[in-house]
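Here's the structure we're looking at; comments come further down.
The values are calculated or read from the model by the stated rules, or taken from the named source; none is laboratory data. This one's a predicted model, so the numbers in the text were calculated from it and none came from an experiment. Here Cβ is always computed from backbone atoms with ideal geometry, including for glycine, and neighbour counts include all displayed protein chains.
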Amino acid sequence: MTHQGDFMRTQCFSKWLFLLALVACWLCLSFSGTIMAQEDGQSGTFTLIIPHDGLERHVQVHLPAERASEPIPLVIALHPLYSSGRAMEAITGLSVQADARGFAAAYPDTAQMFWDDGRVQSGFHERVFGDLGGTTTIDDVGFIRAIIDTLSADYGIDREQVYVTGLHNGASLVYRLACETPNSFAGFAVVGALMWDYVRDECETIEAAPVNLLLVRGTSDPIFPSSGRVLAELGEREDGSLYASLGTDITLNFWAERLGCTHSADTPNTREYSGCIEGASLRLYRVLGGGHNWSQGGERPLNNFGVNTTEIILNNFFGGEWQLEQAAVFRDTPRQFFVYAPESYDPERPTPLVIALHGRPGSGTDMAAITDMNSIADNAHFLVAYPDGIEQGWNSVGDLIGDPSMMQDDVQFMRDLVAELSLNFNIDPTRVYVTGFSNGGFMTHRLACEASDVFAAFAAVGSSLYYVMRDVCDASPPVPMLIMHGTEDVSIGWDGVRQMNMIGEEVQVSYSVPDTALYWAAHNGCNPEGLHRREYPMLGQSTGTQVLRADFVGCAENVRVYLISGGGHNWAGVPGVIGEEIAGRVNMDIHASREIWTFFSEHRLEEATADT
């Protein structure tokens, strides 16, 4: 009997262990599986993972610290192209307002760096980015509905008070939501974007329903000009038409006709419509002199537009005074930039920042695509900013040679950009870095000579050092410098840049790549006799190219050079973005962004320097 009793007790104990294991497993799944559940009374920002359409979709959710017993409103904010939910939370300040006004905020992430506003099915995305980021249609409309379903079921959200807003590509999805799922939202607010023709064309096939729609537009927006923009460079569609963004008036007229509204009132900042079908409204807020930005009030290092976009939108959503008077017309040139914050970003912890500068002609979103820097940021936990140059370029040397087309002070812009971002993000001032490609690489060289008190390290790709920069650079302190270049670069030659002078003669205007490296080695006091060399293994994915790395020794600050033998004008490890006739052969043995981050992570500014 004793043995049998022991056996029965052992069996019973084993069953309890098994049940405990099951409970532990269930708890694990609850917190790290498809939906990360939160305890009752949860507040602050947390991540939900919602399974939808065969994918695990991520959304950052902020619940106010003090909540009423009844269901609360929800505001969904959609980030720009190549940005993130964490970044959208920071630039809008919606979570702060959520705590003050008692609503919930949600910041979804894209599945492939863009919101599918119809761009995939229309062929637009493939014309712009090729197969980058995928050409499979993603059900983003269904995903947004799934967010509403989850939050209303589990977190006390009032389905009658759900609102949605977005910037840039996120705003374009807002238009699509207004067309396809009008009854899911009490209000819509688009910031920056005008309608693409393919969004309009699809919307015209759907029966109209009442919506409350607000447009917030900068009158000097270079990305979505008020007059509209035809993208002839993308070529004709099958029907012979060209892709285009509609102008402000055409976009408003489309919605006015759809909603049965008539234009009724104007102020310098606003336009309002009346007589809309039951329950509908249509409004425009003009940020005078504004660009493609989410305007923020108060004194700012950049873009002092004198009005707060978040306040306008929330007042419009919740019945406040949305017709805010702009403090003053913005007279300077507005500057555009997008930010990527990884999901791991913690606003309580100082975080490194990388600024990535595009080539010419180009944009910040181009640079995000070319570099694939966001994927490296996800793993290494840093922020990335992608600014836009004026007229798609940087003043890397223009003012020094009297070029009237490039006279803006982009060195000061970079200083102001870091200061601006520091107001919205917790940036570690000792770990701010800059990299650039082509024209952006030339700008990186200039910043190394003129802004070494702001940036802890520099990485220039597909560029060299202009001769006229030498006087400026000679007077600057040593800085950590990484140089990466393909020997078969057809845009910025290995032997340097040659240009036509005023009398039609071709002259050399920059150092060769080897001489650029030697200049920085001498500038940094490196040992001219010492060099550590490394050949990277050839993995068989990039025939005709090989990566050789050289590290100078005995330097006051590091100089590292990547010679990509047989490589062209491209970003190693990221194929298919730049046209083959320019890109040439893309080496796949390294990922340039990973190599650059490894170099950056070895350097930081002294505290005293970073605070100046």
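Only one of 185, 114, 143 is among the hydrophobic types (A, V, I, L, M, F, W, C), touching a residue at least 12 places away in the same chain (Cβ under 8 Å), in contact with a Lys or Arg (Cβ under 6 Å, 6 or more places away or on another chain) and under 20 Å from residue 60 (Cα atoms). Can you tell me which?
Details: 185 fails: in contact with a Lys or Arg (Cβ under 6 Å, 6 or more places away or on another chain); 114 fails: in contact with a Lys or Arg (Cβ under 6 Å, 6 or more places away or on another chain).
None of the other options fit; the residue is 143.
Sort out which residues of the stretch 384-435 are free of Cβ contacts under 8 Å to residues at least 24 places away in the same chain and closer than 16 Å to residue 448 by Cα, and write them in order of number.
Once the filter is applied, which keeps residues that are free of Cβ contacts under 8 Å to residues at least 24 places away in the same chain and closer than 16 Å to residue 448 by Cα, the stretch 384-435 yields 409, 412.
Being in contact with a strand residue (DSSP E or B) (Cβ under 6 Å, 6 or more places away or on another chain) and either modelled with pLDDT under 50 or assigned to a strand (DSSP E or B) (or both), is that true of even one residue in the stretch 14-34?
Restricting attention to the stretch 14-34, the residues satisfying the condition of being in contact with a strand residue (DSSP E or B) (Cβ under 6 Å, 6 or more places away or on another chain) are 34.
Still in the running and either modelled with pLDDT under 50 or assigned to a strand (DSSP E or B) (or both): 34.
Yes, the stretch 14-34 contains at least one residue that is in contact with a strand residue (DSSP E or B) (Cβ under 6 Å, 6 or more places away or on another chain) and either modelled with pLDDT under 50 or assigned to a strand (DSSP E or B) (or both).
If you check every pair at least six apart or on different chains, which have Cβ atoms under 9 Å apart with a residue in the stretch 75-94 that is within 18 Å of residue 422 (Cβ to Cβ) first and a residue that is in a helix (DSSP H, G or I) and among the hydroxyl-bearing types (Ser, Thr, Tyr) second?
Within 9 Å, the pairs are 89/95; 92/309; 92/310; 93/310.
Determine which single condition residue 349 fails, assuming it passes every other condition in (1) in contact with a Ser or Thr (Cβ under 9 Å, 6 or more places away or on another chain); (2) surrounded by fewer than 18 Cβ atoms within 10 Å (Cβ to Cβ); (3) touching a residue at least 40 places away in the same chain (Cβ under 8 Å).
(1)
List the residue pairs whose Cβ atoms are under 8 Å apart, where the first residue sits in the stretch 272-286 and is on the phi > 0 side of the Ramachandran plot, the second is surrounded by 12 or more Cβ atoms within 10 Å (Cβ to Cβ) and aliphatic (A, V, I, L, M), and the two are 6 or more positions apart or on different chains.
Note: no pairs meet the criteria.
Name the strands (runs of 3 or more DSSP E) wholly within the stretch 477-567 that hold at least 2 residues that are crowded, with 17+ Cβ neighbours inside 10 Å?
On the way: elements: 481-486, 498-500, 506-508, 531-535, 546-552, 559-565.
The qualifying strands (runs of 3 or more DSSP E) are 481-486, 546-552, 559-565.
Scan the stretch 228-241 and tell me whether some residue there is under 28 Å from the mean Cα position of the chain (by Cα), outside any helix (DSSP H, G or I) and surrounded by 21 or more Cβ atoms within 10 Å (Cβ to Cβ).
No, the stretch 228-241 has no match at all.
At least 1 residues that are acidic (Asp, Glu) and surrounded by fewer than 21 Cβ atoms within 10 Å (Cβ to Cβ) in each: list the strands (runs of 3 or more DSSP E) lying fully within the stretch 49-155 that qualify.
Working: elements: 55-63, 72-78, 104-108.
Counting at least 1 such residues, we get 55-63.
Exactly one condition in (1) of a type outside the set (Asp, Glu); (2) touching a residue at least 60 places away in the same chain (Cβ under 8 Å); (3) surrounded by 16 or more Cβ atoms within 10 Å (Cβ to Cβ) is not met by residue 588; state its number.
Single failed check for residue 588: (2).
Please state which of the following conditions residue 468 fails to meet, knowing it meets all the rest: (1) touching a residue at least 60 places away in the same chain (Cβ under 8 Å); (2) surrounded by 17 or more Cβ atoms within 10 Å (Cβ to Cβ); (3) more than 19 Å from residue 388 (Cβ to Cβ).
The one condition residue 468 does not meet is (2).
For the stretch 242-274, name all the residues that are β-branched (Val, Ile, Thr), over 17 Å from residue 196 (Cα atoms) and outside any strand (DSSP E or B). Give the derivation first.
Going residue by residue through the stretch 242-274, those that are β-branched (Val, Ile, Thr) are 248, 250-251, 262, 267, 270.
From what is left, the residues that are over 17 Å from residue 196 (Cα atoms) are 262, 267, 270.
Answer for the stretch 242-274, where residues must be β-branched (Val, Ile, Thr), over 17 Å from residue 196 (Cα atoms) and outside any strand (DSSP E or B): just 267.
Go through (1) touching a strand residue (DSSP E or B) at 6+ places or on another chain (Cβ under 7 Å); (2) under 21 Å from residue 167 (Cβ atoms); (3) not basic (Lys, Arg) for residue 289 and report which single condition fails.
Only one criterion is unmet by residue 289, namely (1).
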